[in-house]
Every structure is written in structure tokens, then in C-alpha cells.
Amino acid sequence: MSSETQRYVKSVIAKAAVSLGLLAASYNLAQAEDNFKIGYLADLNGPTSSVTGPNALAAAQMAVEDFGGTALGRKIEVLVADHQNKPDVGSAIVREWFDSQDVNAVFDVSQSALAFAVRDLAVARKRVVGFTIAMSSDLTSSKCSPYTFSWGADTYSGTRALTDAIYQSGGKKWYYLAVDYTFGKLLESESSQELKKLGGEVLGTTYAPFGTTDFSSNLLQASAAQPEVLAFANSVSDMINSAKQSLEFGVTARKAFFVFNVTDADAIGLANIQGAQFVDGFYWDMDDETRAFTKRFMAKTGKDIPPTGAQANSYSVVLHYLKAVQAAGTTDADAVTAKMRELPVNDFYTKNARIREDGKLMRDMYLMEAKTVDESKSRWDLFKVVKTIPNGTAFMPAEASACPVFKK
């Protein structure tokens with residue numbers, strides 16, 4: 001073969017390779033565009049990342065895998081983003097997902113202010129959103145919508161149900177330690193209203209700015225009031241630091257936590273919270289099914305940390321959404337959300353729960369109590385269930401809600 005012929009052959013081969021590469025790239029792009037897309041928007045690195053974060057994403061991915069990895073004959077693709085705890089950042093991401101990425105549903109959205117913005121986008125675009133940790137009860141009250149769902153504890157269940165349970169067991173004189181912004185004031189207000197309605201007594205409230213590390217002044221005030229119950233209307237590092245310091249300042253009252261989970265308890269130390277109570281819908285060591293899921297979850301994450309309630313919610317809401325898509329046979333949000341409300345929610349920790357018209361999952365909730373050091377047999381053996389609050393009765397009743405569906 002002449003050198004000229006060789007050059008010609010090489011040129012043809014090179015062009016063919018380029019053409020095949022372009023075809024492959026086009027095919028892969030077409031395949032990606034044809035994927036069934038859902039979005040996972042979470043705090044991946046910030047102050048609530050231990051509660052939700054990468055481990056909640058892992059739980060959502062487990063739901064996709066357990067469902068079979070496809071929906072309506074299309075591969076399920078999970079788009080992931082960190083909202084950085086900034087409503088403008090998070091809402092911009094969701095807008096781009098809905099408008100340019102053809103994302104069918106978004107999950108987590110772990111902040112109430114962001115959740116309100118995402119709720120508006122979901123309504124305008126007719127897309128589904130499942131809130132797993134955003135706690136404002138307004139999300140299923142004044143800000144309810146046909147397309148948004150609340151899957152876990154909220155400010156109503158976390159305060160009023162807890163206050164009622166502790167009052168009924170003898171805790172009638174309360175003092176509040178609250179973070180000094182809307183979140184803390186809302187928690188304190190919800191609880192104190194319930195306490196006064198029951199006939200209890202509010203001995204006082206002390207406020208601390210977000211990010212406070214020294215709670216000595218606040219705790220001295222609390223100690224001087226001699227309450228039967230010290231209620232922590234704060235979360236994450238504020239709650240951890242104030243709880244750790246409470247015994248140092250002689251506050252021996254029962255502790256009530258409005259926002260609490262296993263990672264918080266581990267960070268504070270069981271010795272500092274023995275007998276403390278809170279309300280949640282999940283604990284990893286409740287039964288054989290929750291323990292089996294926890295074993296799989298730890299293998300998935302590669303960490304010796306059990307799932308929090310928010311992380312369990314991620315699995316549950318994604319799985320239920322996919323079941324509804326399959327039952328509806330379409331991605332149309334109106335058809336899918338109708339199926340979500342029609343089908344009972346069943347998974348490893350939720351049994352035959354129904355979604356109310358306002359989007360609230362009417363699940364069992366549980367009054368949890370921190371074990372004593374002597375009762376605990378291992379690092380994560382932290383809580384026991386004191387009482388079941390059944391069938392959504394922990395949540396705001398329909399007659400008290402501002403959701404328009406109840407005003408017809």
C-alpha cells in the first residue's frame with residue numbers, strides 16, 4: 001500500500017471514529033434527557049447536614065434502588081444540590097431543575113424559609129415536592145398546596161403534642177430556653193399556648209442569639225426559676241451546647257426537646273439528657289424492620305451512624321412518590337398527587353398511613369425518652385418509646401388549619 005493510500009485510510013478511520021464518538025455522545029445525551037428525573041435538595045455540608053445531608057440522600061437512593069431503578073420504563077436519575085441554607089440559592093436551583101432539566105419532583109428542602117419559596121415554584125410549574133424536615137406547620141396550613149407534602153414532625157407535633165404528653169405526666173411548670181429568631185419564638189409560642197390551655201404555668205423564657213456558645217447567663221436564669229421542665233426551643237449546635245451546659249448550672253429539671261434525634265443525643269452525651277423527652281415518627285431500634293433497614297443503611301453510607309427521622313423520611317417519601325407514578329401511569333402532577341393521596345403509605349416503618357387533603361402524612365408519632373446510662377447497652381442504644389400518638393393525632397387538626405381545602 002502506498003504512503004498516499006495509507007494516509008487516506010487513516011483519514012477515513014479517524015473521521016469514522018469522530019463520527020462514532022459524536023453518535024455515542026448524542027445517544028448518551030438523548031438517553032440522559034429521556035431519564036426520569038427527580039431532584040434532591042439538601043444541606044449537604046452545613047449545620048443540619050448530620051440530620052439530613054448526604055445520609056438522607058443515601059436513603060433516597062435506597063428507595064430508588066428498592067423500587068427497581070426505573071419509572072414508566074425510564075431510568076430514574078437523581079439530581080443532587082446543596083442549598084447552602086440560603087433560600088435564594090435553593091429556589092434558583094429548583095427553578096432551573098423545573099424549567100431546564102425536566103425534573104418531575106424534588107425532595108428534602110431542609111429549611112422552612114426555602115420550603116415556602118419552593119412551594120410557590122411547585123404550584124406554578126405543577127411539580128411535586130416532598131418536605132422531609134422543613135418543620136413549619138404552615139406548609140400544610142396557610143401555605144398548603146395540591147403539589148406539596150409534609151412527611152415528618154412539624155412545629156405543631158414537636159411542641160403541642162410534646163407539651164401535652166409531659167404535662168399529663170406531671171410536668172406543669174415550664175421554663176423556655178429559645179434561640180432569638182423566628183424559629184425559636186415560634187416553638188416557644190406553640191408550646192406555651194398549649195401549656196396555658198392545659199392549666200400549666202410558664203415561669204419564663206430566656207433568649208440567646210443563634211450561634212451562642214456560652215449559655216451561662218441563660219441557664220442561671222432558668223435555674224433560679226426552679227422549673228419542673230426546661231424546654232429547649234432551639235436546634236443543632238445551639239441545642240447541643242445549651243443542653244451540655246445545663247447540668248453545670250444546676251438545672252436538674254426534666255428536659256423537653258422540640259427538635260431532637262440520635263446524632264444530637266450522641267453529641268450531647270447520654271449522661272446529660274437522661275429522661276429527656278421529644279416527639280418523632282421514627283427510631284432506628286423500634287422493631288426488626290427498622291433494625292434491618294438500619295443495617296442496610298449503614299452499609300450504604302459506610303458509616304456506623306443509624307438513620308435519623310429525617311433520613312428515614314427521605315426513603316419513605318421517595319418510595320411512595322414512585323409507587324404513585326407507577327399507579328398513575330404518567331408523570332402528570334395532578335394524576336400523581338391524586339394517587340399519592342389515594343394509596344396508603346407502607347414501608348419499613350410506616351403502616352397504612354394516609355395523606356390528608358392538605359398534604360400532611362397522618363402517621364403515628366411517638367413520645368420518646370432518653371434512656372438512663374444504666375439502661376443503654378451500646379453507643380446508639382439511646383431512646384425508648386414511652387407512648388404512641390396514633391394516626392396523625394399529633395398534628396394540627398383540620399378544624400384549626402388555615403388550608404383552604406378545609407374551608408369548603
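The values are calculated or read from the model by the stated rules, or taken from the named source; none is laboratory data. Fair warning: this is a prediction, and the values are worked out from it, not measured in the lab. All Cβ positions, glycine included, derive from the backbone under ideal geometry; neighbour counts span all protein chains shown. What goes into the accessible areas is simple: the full protein's heavy atoms, side chains included, and nothing from ligands, DNA or RNA. Shrake-Rupley method; radii C 1.70, N 1.55, O 1.52, S 1.80 Å.
Couple of notes before you dig in:
- Pairs with Cβ under 7 Å, 6+ apart, first in the stretch 70-91 and at pLDDT below 95, second among the hydroxyl-bearing types (S, T, Y): none
- Qualifying residue in the stretch 303-310 (condition: within 25 Å of P397 (Cα to Cα), part of a loop (DSSP other than H, G, I, E, B) and among the hydrophobic types (A, V, I, L, M, F, W, C)): no
- With respect to the conditions (1) among the charged types (D, E, K, R); (2) modelled with pLDDT of 95 or more; (3) more than 21 Å from F131 (Cβ to Cβ), E248 falls short on a single one, namely (2).
- Residue among S157, S169 that alone is surrounded by 16 or more Cβ atoms within 10 Å (Cβ to Cβ) and among the hydroxyl-bearing types (S, T, Y): S157
- Flag for E375 being free of Cβ contacts under 8 Å to residues at least 12 places away in the same chain and within 27 Å of F258 (Cβ to Cβ): yes
- Some residue of the stretch 32-53 being modelled with pLDDT of 55 or more, surrounded by 18 or more Cβ atoms within 10 Å (Cβ to Cβ) and in a helix (DSSP H, G or I): yes
- Residue within the stretch 315-323 that is open to solvent by less than 10 Å² (accessible area, probe 1.4 Å), among the hydroxyl-bearing types (S, T, Y), within 23 Å of Y147 (Cα to Cα) and part of a loop (DSSP other than H, G, I, E, B) present: no
- Residue ID - most open to solvent (accessible area, probe 1.4 Å), chosen from residues in the stretch 290-302 that are within 19 Å of T52 (Cβ to Cβ) and part of a helix (DSSP H, G or I): R296
- Residue match in the stretch 323-339 (condition: closer than 30 Å to E399 by Cβ and in contact with a Pro (Cβ under 7 Å, 6 or more places away or on another chain)): yes
- Test: residue in the stretch 119-127 that is out of contact with any helix residue (DSSP H, G or I) (no Cβ under 6 Å at 6 or more places or on another chain), surrounded by fewer than 18 Cβ atoms within 10 Å (Cβ to Cβ) and either in contact (Cβ under 8 Å) with a residue 40 or more places away in the chain or among the basic types (K, R) (or both): no
- Selection status of V386, open to solvent by 30 Å² or more (accessible area, probe 1.4 Å), in contact with a strand residue (DSSP E or B) (Cβ under 7 Å, 6 or more places away or on another chain) and aliphatic (A, V, I, L, M): yes
- When the stretch 208-249 is filtered for residues that are outside any helix (DSSP H, G or I), closer than 17 Å to W174 by Cβ and open to solvent by 80 Å² or more (accessible area, probe 1.4 Å), only Q226 remains.
- Residue ID - most open to solvent (accessible area, probe 1.4 Å), chosen from residues in the stretch 54-82 that are charged (D, E, K, R) and within 18 Å of F293 (Cα to Cα): E65
- Which numbered condition T252 fails, given (1) within 18 Å of M365 (Cβ to Cβ); (2) open to solvent by 60 Å² or more (accessible area, probe 1.4 Å): (1)
- Among the residues of the stretch 109-118, those identified as in contact with a helix residue (DSSP H, G or I) (Cβ under 6 Å, 6 or more places away or on another chain) and either among the polar types (S, T, N, Q) or closer than 15 Å to L79 by Cβ (or both) are V109, V118.
- Residue within the stretch 279-289 that is in contact with an Asp or Glu (Cβ under 9 Å, 6 or more places away or on another chain), crowded, with 19+ Cβ neighbours inside 10 Å and more than 14 Å from L230 (Cβ to Cβ) present: yes
- The residues of the stretch 141-162 that are assigned to a helix (DSSP H, G or I), of a type in the set (S, T, N, Q) and more than 15 Å from the chain's Cα centre (by Cα) amount to a single one, T159.
- Residue match in the stretch 364-382 (condition: hydroxyl-bearing (S, T, Y), assigned to a strand (DSSP E or B) and either buried (at least 20 other Cβ atoms within 10 Å of the Cβ) or on the phi > 0 side of the Ramachandran plot (or both)): yes
- Sole exception among (1) open to solvent by 50 Å² or more (accessible area, probe 1.4 Å); (2) in contact (Cβ under 8 Å) with a residue 60 or more places away in the chain; (3) closer than 26 Å to L121 by Cα; (4) in a strand (DSSP E or B) for L361, by number: (1)
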